[in-house]
Amino acid sequence: MDEANSPNWKTHAIVGSVILLNTITLKLSIPGPWKSESFTLGLLGSISLIFLYIAWYRITFKRRGLIPWVDLWAEPRKSAYIVLASSIGVLSLAWYTGNHMQEILPTPTGLVMSLIGFLMFTQSVYVLLSVGPLAED
């Protein structure tokens, strides 16, 4: 897909960045129906990550969607190793966040980051197996 027909990613990036900035620094929130401002703040942080992921997907693959199929990757083996290294970095950051930054960040931050890290790890292992031992050719 050429640049002229690629989907808009800037709106998602701006909205995600603004919400994430509020979640990390300003911490403006309402109690909501669950009567917990911290839960609402965590929900806003999760929503901001969704917006940022959609922006990343649209920049990277120049199309709408959410799932990065292996056939969309230019160099699956190289990219899988990058994702694997990134997942190890995210898991390390999740451990640090969960053990040393609990007074600064919301309590489940380390848990959510661990989930993201393990999803990245699973995807990288899947791609490495798909282009390696389990390849169809």
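By its C-alpha gyration tensor, with a ≥ b ≥ c as the square roots of the eigenvalues, how is region 1-66 shaped: rounded for a/c under 1.5, else prolate for a/b larger than b/c, else oblate? Verdict is prolate for region 1-66. For region 49-104, chymotrypsin sites (Phe, Trp or Tyr not before Pro) are listed when DSSP marks them as loop and at most 12 other Cβ atoms sit within 10 Å of their Cβ; the list is 69. Averaging Cα coordinates gives a centre for region 28-44 and one for region 75-133; these two points are 26 Å apart. Pairs of Lys residues in the chain that lie 8 or more places apart, or on two chains, and have C-alpha atoms under 26 angstrom apart add up to 4.
For the chain, the residue among 15, 82, 134 whose Cα projects farthest onto the positive side of the dipole built from Cβ charges is 15.
The Cα-based radius of gyration of the chain, divided by its Kirkwood radius, gives an Rg/Rh of 1.04. Each Cα pair under 8 Å and six or more residues apart adds its separation to the average, and for region 12-54 the resulting relative contact order is 54 percent. Rounded to the nearest 20 debye, the dipole size of the chain about its Cα centre is 320 debye, using +1 on the Cβ of Lys and Arg and -1 on the Cβ of Asp and Glu.
Gain on full extension, evaluated as 0.36 nm per residue between residue 82 and residue 102 minus their Cα-Cα distance, stands at 4.3 nm. In a fully extended conformation the segment linking residue 56 and residue 18 would gain 12.1 nm over its present Cα-Cα distance, using 0.36 nm per residue.
Residues in region 76-84 carry Karplus couplings, in order, of x, 5, 5, 5, 5, 5, 5, 5, 4 Hz; the curve used is 6.51 cos²θ - 1.76 cosθ + 1.60 with θ = phi - 60°, and Gly or Pro positions show x. The C-alpha atoms of the chain define a longest principal axis, and helix 37-61 lies at about 20 degrees to it.
Coordinate-derived values only; no laboratory data. If you're wondering where the values come from, they're calculated on a predicted model, not measured in any experiment. Cβ sites come from the backbone with ideal geometry, for glycine too, and all protein chains shown count toward neighbours.
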